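Any read-out appearing in this document is the output of simple, stated calculations on the displayed coordinates, not a laboratory observation. Note that the structure is a prediction, hence the values are computed from the model and not measured. Cβ placement follows ideal geometry from the backbone for every residue including glycine, while neighbour counts extend to all protein chains displayed.
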Amino acid sequence: MRDRPALRVLVVDDHEPLARMLRLVFTAEGIACTTALTGAEGLRLLAEGHPDIILIDLNMPGMDGVTFIARARITGYSGPFIIVSADPRAARTRIEVGADALLTKPFDPLQAISLISALTERAASRSMEFSDGTCDSRNR
């Protein structure tokens, strides 16, 4: 991962110890990470920072994750979302809101890194399509 420009991840989770730990782990792996403890703060940081991927908790006070995803899409964000939640209904919610993946709390931070890598690789391969519809896989 270190040979490429740093990925930019936004973590939106009201559980401060988890957000802090993810920021430390991601930074150690060369991933630029910004954290927000509320949905409103997350939307502000989204507008300022243009992250490549967003990790979002579903159950937060004020603005929940479902509302955050809807508002982020209204602003034009089209990158991947990873839902992080301990809620047993999160798998269904992920499908309903069109999030790309789910991490069930508690989870291993290395699992999050693997998932981020896979999703950003997939997004990068989609953006490499040429006007004739072919894809040059040599540049991946």
Most mobile listed residue (G62, G79, G49) in the chain, GNM with C-alpha springs under 10 Å: G62
Note the full-extension length gain between A40 and T67 as 0.36 nm times their separation in residues minus their Cα-Cα distance, in nm to one decimal. 8.7 nm
Note, N59: beta-carbon cut-off 12 Å, +1 each Lys/Arg, -1 each Asp/Glu, net -3
Cβ under 13 Å from D14's Cβ, D14 left aside: what net charge do those residues give with Lys, Arg +1 and Asp, Glu -1? -3
Rh by Kirkwood over Cα pairs, then Stokes-Einstein D for the chain at 1.306 mPa s and 10 °C, µm²/s: 103 µm²/s
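Using 0.36 nm times the number of residues separating F107 and R92, minus their current alpha carbon distance, what extension gain do you get? Working shown, then result.
Working: separation 15, 0.36 × 15 = 5.40 nm, distance 1.85 nm.
Using 0.36 nm per residue and subtracting the Cα-Cα distance, I get 3.6 nm.
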From phi via Karplus (6.51, -1.76, 1.60), per-residue ³J(HN,Hα) for region 57-74 in Hz, x at Gly/Pro: 7, 7, 9, 10, x, x, 9, 7, x, 4, 5, 4, 4, 4, 5, 5, 5, 4
